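The next block holds one structure in the form of structure tokens; read it before the comments.
Where a number appears in this text, it was derived from the coordinates with a stated rule and is not lab data. Small disclaimer: the values here were computed from a predicted structure and weren't measured. For neighbour counting, all protein chains shown are included, and Cβ atoms are generated from backbone atoms with ideal geometry for every residue, glycine included.
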Amino acid sequence: MPFKDVDAALTAAHAYRAQAYAPYSNFAVGAVVVGEDGTFFGGANVENASYGLTICAERAAVFHAVASGRRDLRAVAIAGPPERASAPCGACRQVLREFNPGMDVAYTASGAVVQTTLERLLPDSFGPEDLR
Ligand code: THU
């Protein structure tokens, strides 16, 4: 299924990217997760002098949605440095998967936009159903 409102979601992700705190990597990322009703919940990466405590934009966006009472996530849009690709990291794929293993994914990549699904990015995944 095509990612509904992908342009608006990427525009919002770009706006969140401007809030990134990435003084160590200079790799600013913004992300929005999209609720079933189309609501956007945004996040940006936040680094730390103790490097391992860094949080990625995608996880910040998921935590924003969940803390806002929303778990019905249908898509994620990710905006990274324009000259690079910003596919979600493995940790973020797993965190996104918790709420929808089939969600639509769009990310910027060298001036283009890649549209895919979480199922493709994280096949044969482990999730909450496996604990039931
Ligand atoms: N980063 C994200 O925010 N999302 C990703 O999917 C990849 C990496 C951040 C983490 C770190 O602050 C910087 O980008 C470089 O890895």
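Select from segment 49-59 the residues that are within 11 Å of VAL29 (Cα to Cα) and part of a loop (DSSP other than H, G, I, E, B) and list them in ascending order.
CYS56
Restricting segment 38-48 to residues that are in contact (Cβ under 8 Å) with a residue 24 or more places away in the chain and in a loop (DSSP other than H, G, I, E, B), which is farthest from the ligand (Cβ to nearest atom)?
GLY38
Among the numbered criteria (1) away from the ligand (no atom under 13 Å from the Cβ); (2) in contact (Cβ under 8 Å) with a residue 24 or more places away in the chain; (3) farther than 22 Å from ASP5 by Cβ; (4) of a type in the set (Lys, Arg), which one does ARG132 miss?
(2)
Which numbered condition trips up ARG59, out of (1) touching a Cys at 6+ places or on another chain (Cβ under 6 Å); (2) exposed (fewer than 13 other Cβ atoms within 10 Å of the Cβ); (3) of a type in the set (D, E, K, R)?
Among (1) touching a Cys at 6+ places or on another chain (Cβ under 6 Å); (2) exposed (fewer than 13 other Cβ atoms within 10 Å of the Cβ); (3) of a type in the set (D, E, K, R), the lone unmet condition for ARG59 is (2).
Report, by residue number, each residue of segment 98-115 that is within 17 Å of THR11 (Cα to Cα) and touching a residue at least 12 places away in the same chain (Cβ under 8 Å).
If the condition is that a residue be within 17 Å of THR11 (Cα to Cα) and touching a residue at least 12 places away in the same chain (Cβ under 8 Å), then ASP104, VAL105, ALA106, TYR107, THR108, ALA109, SER110, GLY111, VAL113, VAL114, GLN115 are the ones that fit.
Check ARG17, ARG97 and return the single one that is farther than 20 Å from ASP5 by Cα and out of contact with any Pro (no Cβ under 7 Å at 6 or more places or on another chain). Give the steps one after another, and end with the answer.
Working: ARG17 fails: farther than 20 Å from ASP5 by Cα.
Exactly one residue qualifies, and that residue is ARG97.
With respect to PRO101, determine if the residue is surrounded by fewer than 21 Cβ atoms within 10 Å (Cβ to Cβ) and more than 16 Å from the ligand (Cβ to nearest atom).
Numbers: surrounded by fewer than 21 Cβ atoms within 10 Å (Cβ to Cβ): yes; more than 16 Å from the ligand (Cβ to nearest atom): yes.
Answer is yes for this residue.
Which residues, counting only those in segment 60-82, are of a type in the set (D, E, K, R) and part of a loop (DSSP other than H, G, I, E, B)?
Matches in segment 60-82: ARG70, ARG71, ASP72.
Take the residues in segment 1-26 that are surrounded by fewer than 14 Cβ atoms within 10 Å (Cβ to Cβ) and either closer than 25 Å to ARG120 by Cβ or near the ligand (Cβ under 8 Å from one of its atoms) (or both); name whichever of them is farthest from the chain's Cα centre (by Cα).
TYR24
Kindly indicate whether ALA109 is under 11 Å from the mean Cα position of the chain (by Cα), surrounded by 15 or more Cβ atoms within 10 Å (Cβ to Cβ), among the hydrophobic types (A, V, I, L, M, F, W, C) and closer than 16 Å to ALA31 by Cα.
no
Is it the case, given these coordinates, that VAL95 is of a type in the set (A, V, I, L, M, F, W, C), touching a residue at least 40 places away in the same chain (Cβ under 8 Å) and either closer than 19 Å to TYR16 by Cα or not in a strand (DSSP E or B) (or both)?
Criteria not met by VAL95.
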